[in-house]
Each structure stands twice: as C-alpha cells, then as structure tokens.
Amino acid sequence: MRFFIVLCLISVYLCKTVFSKCNITSDISGHKEAQCKHQGLTSVPINLPPDIKKLDLSYNNLTRLDANVYLKYKYLENVMLDNNDIRLLLEKAFNGLYSLNYLSLSNNYLNVAESYPTEVFESLKNLSVLDISRNMKTQEYNPYKIPFGEIGNLRELSIDLVFNATFGREFKKLFNLQTLRFDYCHVNFLYNGTFSEMPVHIKEFHMTTCKDFVVIEVDVLVPFQHLKVLNLTNSNIHLTQALRLLHPFQNRSMDAILFRGITHSDSQHGLDPVILTPEMMRYISTICLKTLDLSNNKVVIFRNRSLVLFQRPECFDNMMLSANSFSLETWAASFFIFIRRMINIEIFDFSYFPLAFKDPIFLDVVTNVNHTRVEKVQSKMTRKIIPITVTLTNRKLKYLRITHLMATMIFREIKIINSSLRHLELSYFETDIFPILTFEGFNSLEYLDLSGISSEITVGVGKVPFLIHLKTLILKETKLYNVLQTNASIFSFCPNVMNLDISHNYIWKIKSIGELRNLKLLNLSHNLLDNVPMVVTKLENLAELDLSHNQLTTIGKQTLDWIDTQHEKLGTFKLYLSDNPFICSCETTTFLRWIQLTKVKLDNNGNYSCWVASRNNINYTRNVIADFHHYFVNCDSTVWLKLGISLLVSVLSSLICVTVLYNFRWRIIFFFFRNLRRFAEKGLQLTFDYDVYVSYSDDCVCFVKELQKKIENEWGFKICIEDRDFIIGESIATERATSINKCRHIIFVVSPSTVENEWSRFEIERAKYEKFSKNLQKIVVITKDIALDNIPVEFSIIWKDVLLIQWPVEKDEVQMAWQELRLWFF
C-alpha cells in the first residue's frame, strides 16, 4: 500500500513538473517544440514527447548535465540551455543527439579549462552551431581544454576570449569552422601568435566586447587569410590601431569591416580623437569592400580628403559614417562626387554630426541590432556646412539616412535620379533651411522619415514631391499641431500611405487628414487629445490605432461601435490606450464594460489605471470591472435624481413661460394686431409714409424732441414733425394737410399756447376730415400744463375717438405714461 501511494505521488509530481510547465507546440512543418523557459527546473524533463525537434530550457536552475539525459530525444535538432547555473558537463551528457544542429550554453558557469570532459561532444557529429560564450566571468588565465575534435563539422563557434589566451591544437581540428565569435573579452594584449593555432579557413571574425583597452600587434590577423568579415564593434581598440591590422588584406575583396565605436576616451594610454591621414588609410583604401562602418569613432578630421581615396568605390554596398565630428566645409564637393562613384551603394548613413548625441541609433547591417531613442547632449553648434545641391544617380541605392545634423545651412536640394531608393530618413536637422526633395525619372520610395523638423518647412510648404509608392511616413516631433489646423491636404503627397506616425506633436484636435484610403496603422501617441478625433472613424481600412500617452478620460460609444465594426470587417484591430488619465465613474460605465467584452486586441491586456470618482483614488480598470456593482451601486439612483430634476426644471420653465405670457399679453396681442393691420392695409392698398404726425406749439419743442427719440430710436416708428419734414417753399397749409394724409396716426401735444395757435385749429379740422375718410386710425391727445376745461372745443366732435393722456410731472408716473402711449400705438 505504501509503495502504491509513493508511486502515485511520484506520478503526480512528474506530471506537474513536466507537462504543466512545458508548452508543446508545432511549427508550420509539423515539427514539435518544447518551451520550458522560466519553469524553475533543476534537471532535463524526462516525460516530454520523444519526437520533439526543439527544446528550450533557458532561464531555469540547472547546475549540471548528467550522462544520457537526452537519450530519449534522439530527433532533437536545437537545444537551448542559456542563462542557467550549469557548472559541470559529464561525459556523454549529449549522448544520442546525433541529429543535433544547434547547441547553446551561453551565460552559465562553464570553465574553458575544466568543464568539458573528453567524449562530452562525442555524439554531436552533425553539430553546426555551438555557443558557449558568456561563461568566463572573471579575468584569469585558463588554457582552452575543449574536445573540439569530436565536432569537426562545426561551422560557427561563439566563445569567450580569456586572459593570455592559449588555444591549443584542438582548435586546428575545426576544419569546417567559418565563423568565430568572441563575446566576453578579458584580454589586454593580442600578440602576433595569439591566433596561430586557429583554422586558416575562417571567414568571419567577431570580437565585440573588449571594454579594457587592448594592445594589438600588427600581424595578429595574419592566420586568417580567407577572412571576409572583420567585426570589432565597441571593443576598446582605437581606430588608428585597427586600421594597421588590415595590411594582410591589401588588394583583396572583403564583405564587411565593422569598426563602429572602437575609439574610446583613454587618457592613460594617451589616445586622442582620430585625425585620419592617407598614410593611415593606405591598407583599407586598396580593399574591394562591400560594407564599411566607421561610426562613432571621434573622427575630427580627414586630412587630404583621405576618406575618398578608396581605389574601388564601385565595390561598396553599405557605408556608415555616423556620430563623428569631421566637417565637410572644405571638401564637400569631393565627398559627394565620391558618393556618386559608389554606383552599387544600397545603404548610406551620414548622421549625428557634428556634436555628440546621447544613445544614437546605429545601423547594424550584419547583425541587425538597433538601439534606443536619441537625445541631444549639446545644443550649440561649432561648425558650418556650406549649402549644396546633392545629386544621387546611384541606381542601386536603397537605404539613405541623414539624421541629427547641426549646421547653419546644409543641403539646398537633394536630387535623386532614377534611383531604387526605398528607405529615406532626413530627420532632426538643426539648420536654417530644409532641402528640397526632387525625384527625376522613376521613384520607388516606400519609407520616409522627416521627424524632428518643423512640418511648416517640409510637407507644409511643398518641399516633398508626390510619392505614389510611399507606404510608411514618420513625422514625429514636427509641430504638426499648427499645420493640421490650417492645411487639410497636408498628406495629399502620399495618397497610398499605409503606416502614419504623427506622435509627439502636441496635437489636441484634428480637423482633417485627407483621403488616406489605404491607411492601416495610425500612431497618435504622446499628444494632447482629450477625445478620439472623428476623422479617425472615416479611415475605412484602419486596423491599428495608437492613442497611448494622451489626455483621454473615456471613449464615446460611437467610436467604440466603429472600432468593433472595424474588427469584424478586417478580422483584427489593435488599440493602444496606456498612460491616459481615464476616469471610472457612472458616466464612463459604457467604456468600462466595452473593455471587458470587446474582442479587439488591447495593450496591457486591457488593464489601465483610472481615477475612481466615487472613492477619490486611483485603481485599475480590471479591479473596477471585477467589482462593478460595488463601485457603481449609486448610478441608478443618479439616473432617477436626474429625471426628477429634469421634471422639476420642466415645470418651473412652464410656470415661467405662463407668467411671462400673462405679464406681456397686451404686447403680444398688439404685436399680432400690428402685423395683421399691415396685412389688411396691404389688401386695401393703403400706404403711409409716416406712422405718426405730431402737432405742437412753440412751447412744447423740447417735449417733442424727447417724443421723437422715444418713438423713432426706441420703438422703431417714423414720425413727421414740422421743423424737420416740411418741404421749404411750399404752402404751409398744403404741407400740413399732405403730411397728415400720409400718416397712420396723429398726436396732438396740447399746451396753453395751443389755444391761441391758428395752425393747431387747422390741424384739428384736418384730422377730423381724415378720420371721417377712414384714413386716420388713431388720434392721441397729450395735455401738458393745461386743464381739461381749457382744451380747444374743436375736439368735441371727435372726442369719442380721442385717446387722452394727461402728462404727469412725477418721474415714476412719466414712465407709466410712456408705456401707455406705446401700448396704444402697438
């Protein structure tokens, strides 16, 4: 019984440690792979499928490899054991792996003098690639004792270069070795005989991590007579010393010489910045070279134009000269003539001039490794580059990068004639002018980067031609926030662009970006958008949208519906929303639910920080959604509260409207009456030149002026008064009679002098006539400083048609009198 229990426990343990921790997958060809990284394993799993062809045991806790541990997996072709704690390999540790092609033991603790017993590689007859680099952590003498004779078919070896390296005859047995890579580098001296025991047919030599200065004798590379690639990138050698090492390769052909970053500041050895002379370039200038990388070497001067002395410029495919400090001021013409002679050039990189930049991005043509973002260290320029027109006729040129240049002026025009150029970077120019881009003949440009240059002097002013084949456009840090407000057709030069990056531009709104029907990827990150621009929803083929690092608090339902529609239509959609100040509140519940339910691929697995309004703290959307009802329990009551407030506001608004209608009922009635009256007058064909005729005596002139201002300026009526509107030279009687006939109403201002005024009596008689003729509509009598008993008796016949206003003296009563007069006329 005990035995059975122990057996069950062992079975459960094995299942747990093997099958639950290793992910078994199949590639396109049906070959099985076992991914066992980061599982805490201390030994090789024994219950994996026997037909696996790839096994990755990196980042575990293995300390040794016992004999025959791989015997079951005879079909293995690739084994990765990187980043473990392996210190010991027993004999026959790889027994049975006859098909193994690739073995990596990088970053362990295997000593080149002690950890490799005889017969450890006995079964690896077909091994092609072996990586045992980054194992020698300390600088101490250890002779190489590795049985390389057992793996004679090895073609690529990565290993550490130990202090006072002595390689031994075992290396001579690597008859097929083509590539030799030294990773950890502990040497201070390389003598002429250091590599004398290496196989002679090595074609690639890489030594890239020598941090301490290495003194090298000039004949150290003589054993490598068939060398095609020499890579010393980032090793502390100094360019002057490295150029002397090339004398064995004079007048030969090589694929690549990679000397990037090999000149370090070193006051101890008296090493100064590099001044290249024809004497120093005498070896390299005779080599027919495909790729040359002299970037980041503190080159300050090319004396006597030593850079352009290459005898075979037509051999160049790639040239990188970035991050140096030499000036073209006196020999720019010769330099660009030399570029034109490189008729087969495909990649040319001339960037980060003339000052030092922090973390520049280099082009690594051979190993294809790029680095990080760029920032300027200094902001003052020290040299000036003469403006010139650059004409490129290199038909094979495919990649051109000119970035991070600082000068008063630089290229006036870059003219590209019948080129195969696919990739062009003209970015981060600190110059007074930006060159005009001109393509003559056919152009196939697919990638254009104009970052770091104000769009107001590039795409905004037509310095970029029409690019029908352009697929990728990068415009980071180009001050687009100005241009997008005024120029709706800014992207009309690239109608078929598929990837557009306009991040880091302080954009807070976008009115239009034109007709970009083929756009699939849009990067709007690191801007100031507080909502998703509606113009984005008009991009029919958009499948990837980056809105990270903006000011979004939520996303509206209309935009969310469009994103879901795009996902259904295109089969995929990627959305990036990290680092936005989202708010988790009742108003944003639609967005929070969408994050949980959508099938769209979100960054951060759809988990974003947000401000929880009800708790006054910051949480993650995943936590808020998981406890949704607890966080938003009051949202429904809020709805009813809003409804109640809405009803209350409606009732109050209705009461206010009724009150206003009641208080101004007479004005409203008179408004409609006036309009109906005018309509009736039009039907009866009655026309009036004036609204009111005013009859007055000399003692009422001041009051009439006040009356004129009220009626004409405030009430909008037109009045006729004797002192202004009578025609000079005509009969007074005729003018008075004609004027009364032309007016709709008449006002008599009656004062003590009216009684004695004969013309006032005439006007009363004329008003009677017009009233009886049905032309005069209203007669208003305003009395001032006169008793009713003294009013002229001529009014008695029409007294029933008169509207009488006794004009008061008190200010409050005067205001009421004006209102009464206005209501009578309205």
Notebook entry, point to check: Out of the range 211-261, which residues are charged (D, E, K, R) and farther than 19 Å from residue 164 by Cα?
Noted result: 228, 244, 252, 255, 260
Item checked: residue 538 being touching a residue at least 12 places away in the same chain (Cβ under 8 Å) and within 30 Å of residue 464 (Cβ to Cβ) -> no
Check: Is there any pair linking a residue in the range 152-165 that is under 14 Å from residue 202 (Cβ atoms) to one that is of a type outside the set (A, V, I, L, M, F, W, C) and assigned to a loop (DSSP other than H, G, I, E, B), with Cβ under 6 Å and at least six apart or on different chains, and which?
Finding: 155/128; 155/176; 155/178; 158/133; 159/133
Next item on the list: Given the conditions (1) part of a loop (DSSP other than H, G, I, E, B); (2) modelled with pLDDT of 85 or more; (3) open to solvent by 30 Å² or more (accessible area, probe 1.4 Å), report the number of the one that residue 717 does not fulfil.
Entry: (3)
Note to self: Looking at the range 494-508, can you tell me whether even one residue there is touching a Gly at 6+ places or on another chain (Cβ under 8 Å), closer than 21 Å to residue 351 by Cβ and either modelled with pLDDT under 90 or not aliphatic (A, V, I, L, M) (or both)?
What the structure shows: no
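Conditions (1) touching a residue at least 40 places away in the same chain (Cβ under 8 Å); (2) more than 48 Å from the chain's Cα centre (by Cα), marked per residue:
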| site | (1), (2) |
| --- | --- |
| 187 | no, no |
| 195 | no, yes |
| 206 | no, no |
| 211 | no, no |
| 237 | no, no |
| 245 | no, no |
| 260 | yes, no |
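Which of the residues belonging to the range 478-489 are surrounded by 19 or more Cβ atoms within 10 Å (Cβ to Cβ) and either at pLDDT below 85 or in a loop (DSSP other than H, G, I, E, B) (or both)?
Residues of the range 478-489 surrounded by 19 or more Cβ atoms within 10 Å (Cβ to Cβ): 478, 480, 483-484, 487.
478, 483, 484, 487 - these are the residues of the range 478-489 that are surrounded by 19 or more Cβ atoms within 10 Å (Cβ to Cβ) and either at pLDDT below 85 or in a loop (DSSP other than H, G, I, E, B) (or both).
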Notebook entry, point to check: Quick one: residue 780 ticks every box in (1) modelled with pLDDT under 85; (2) buried (at least 16 other Cβ atoms within 10 Å of the Cβ); (3) under 24 Å from residue 733 (Cα atoms) bar one, so which box is it?
Noted result: (1)
Margin query: Being more than 17 Å from the chain's Cα centre (by Cα) and within 28 Å of residue 361 (Cα to Cα): is that true of residue 469 here?
Written below: yes
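Go through 24, 52 for me and flag whichever is in a strand (DSSP E or B) and over 21 Å from residue 150 (Cα atoms).
Working: 52 fails: in a strand (DSSP E or B).
Being in a strand (DSSP E or B) and over 21 Å from residue 150 (Cα atoms) holds for just one of 24, 52, which is 24.
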Next item on the list: Please work out if residue 554 is assigned to a helix (DSSP H, G or I) and either modelled with pLDDT of 95 or more or within 23 Å of residue 618 (Cα to Cα) (or both).
Entry: no
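Out of everything in the range 82-94 that is assigned to a loop (DSSP other than H, G, I, E, B) and of a type in the set (A, V, I, L, M, F, W, C), what residue ends up being most open to solvent (accessible area, probe 1.4 Å)?
We begin by selecting, within the range 82-94, every residue assigned to a loop (DSSP other than H, G, I, E, B); these are 82-87, 90-94.
Now restrict to residues that are of a type in the set (A, V, I, L, M, F, W, C): 86, 90, 93-94.
Details: 86: 0, 90: 52, 93: 0, 94: 2 Å².
Only one residue tops the list, namely 90.
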Next item on the list: Being of a type outside the set (A, V, I, L, M) and open to solvent by less than 30 Å² (accessible area, probe 1.4 Å) is the filter; apply it to the range 445-459 and report the residue that is nearest to residue 397 (Cα to Cα).
Entry: 449
Item checked: Candidate set: the range 102-152, residues that are among the acidic types (Asp, Glu) and assigned to a loop (DSSP other than H, G, I, E, B); chosen: the one nearest to residue 210 (Cα to Cα) -> 140
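Scan the range 640-648 and tell me whether some residue there is assigned to a helix (DSSP H, G or I) and within 30 Å of residue 546 (Cβ to Cβ). So that I can check it myself, show each step before the final result.
We begin by selecting, within the range 640-648, every residue assigned to a helix (DSSP H, G or I); these are 640-648.
Still in the running and within 30 Å of residue 546 (Cβ to Cβ): none.
For the range 640-648, residues assigned to a helix (DSSP H, G or I) and within 30 Å of residue 546 (Cβ to Cβ): absent.
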Notebook entry, point to check: Considering 107, 142, which residue is without any contact (Cβ under 8 Å) to a residue 60 or more places away in the chain and open to solvent by 30 Å² or more (accessible area, probe 1.4 Å)?
Noted result: 107
Notebook entry, point to check: Based on what the data block shows, is residue 88 over 26 Å from residue 235 (Cα atoms), at pLDDT 90 or above and over 46 Å from the mean Cα position of the chain (by Cα)?
Noted result: yes
Check: Pick from the range 169-180 the residues that are part of a loop (DSSP other than H, G, I, E, B) and touching a Lys or Arg at 6+ places or on another chain (Cβ under 8 Å): which of them is least open to solvent (accessible area, probe 1.4 Å)?
Finding: 177
Next item on the list: For the range 666-677, indicate whether the set of residues that are among the hydrophobic types (A, V, I, L, M, F, W, C), open to solvent by less than 20 Å² (accessible area, probe 1.4 Å), touching a helix residue (DSSP H, G or I) at 6+ places or on another chain (Cβ under 9 Å) and modelled with pLDDT of 65 or more is non-empty.
Entry: no
Next item on the list: Can you run down the residue pairs with Cβ atoms below 6 Å, 6 or more apart or on separate chains, where the first is in the range 687-699 and surrounded by fewer than 23 Cβ atoms within 10 Å (Cβ to Cβ) and the partner is of a type in the set (D, E, K, R) and assigned to a strand (DSSP E or B)?
Entry: 688/744; 691/744
Next item on the list: Tell me which of these residue 596 doesn't satisfy, since it passes every other one: (1) open to solvent by less than 60 Å² (accessible area, probe 1.4 Å); (2) more than 25 Å from the chain's Cα centre (by Cα).
Entry: (1)
Next item on the list: For residue 747, work out the one condition from (1) within 17 Å of residue 697 (Cβ to Cβ); (2) assigned to a helix (DSSP H, G or I) it doesn't fulfil.
Entry: (2)
Checklist line | Single condition residue 611 does not satisfy, out of (1) within 23 Å of residue 471 (Cβ to Cβ); (2) open to solvent by 10 Å² or more (accessible area, probe 1.4 Å); (3) of a type outside the set (Val, Ile, Thr); (4) part of a strand (DSSP E or B) | finding: (1)
Checklist line | Among residues of the range 315-361, those that are open to solvent by 40 Å² or more (accessible area, probe 1.4 Å) and either modelled with pLDDT under 80 or under 30 Å from the mean Cα position of the chain (by Cα) (or both), counted | finding: 8
Margin query: Can you go through 69, 79 and tell me which one is part of a strand (DSSP E or B) and among the β-branched types (Val, Ile, Thr)?
Written below: 79
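For (1) in a strand (DSSP E or B); (2) open to solvent by 30 Å² or more (accessible area, probe 1.4 Å); (3) farther than 19 Å from residue 572 by Cα, each residue gets a yes or a no:
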position	(1), (2), (3)
500	yes, no, no
530	no, yes, yes
535	no, no, yes
542	no, no, no
Note to self: Which residue is surrounded by the most Cβ atoms within 10 Å (Cβ to Cβ), if the candidates are limited to the range 792-826 and must be closer than 15 Å to residue 711 by Cβ and without any contact (Cβ under 8 Å) to a residue 24 or more places away in the chain?
What the structure shows: 817
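I need the full set of residues from the range 181-215 which are touching a Ser or Thr at 6+ places or on another chain (Cβ under 9 Å) and in a strand (DSSP E or B), in order please. Step through it out loud before you land on a result.
Going through the range 181-215, the residues touching a Ser or Thr at 6+ places or on another chain (Cβ under 9 Å) turn out to be 181-187, 194, 197, 202-211, 214.
181, 182, 183, 184, 185, 204, 205, 206, 207 - these are the residues of the range 181-215 that are touching a Ser or Thr at 6+ places or on another chain (Cβ under 9 Å) and in a strand (DSSP E or B).
The values are calculated or read from the model by the stated rules, or taken from the named source; none is laboratory data. Note that the structure is predicted; figures quoted are calculated from it, not measured. Because the Cβ atoms are built from the backbone with ideal geometry, glycine has one as well, and the counts that use them run over all protein chains shown. Calculation scope for accessible area: heavy atoms of the full protein, side chains included, ligands and nucleic acids excluded. Shrake-Rupley method; radii C 1.70, N 1.55, O 1.52, S 1.80 Å.
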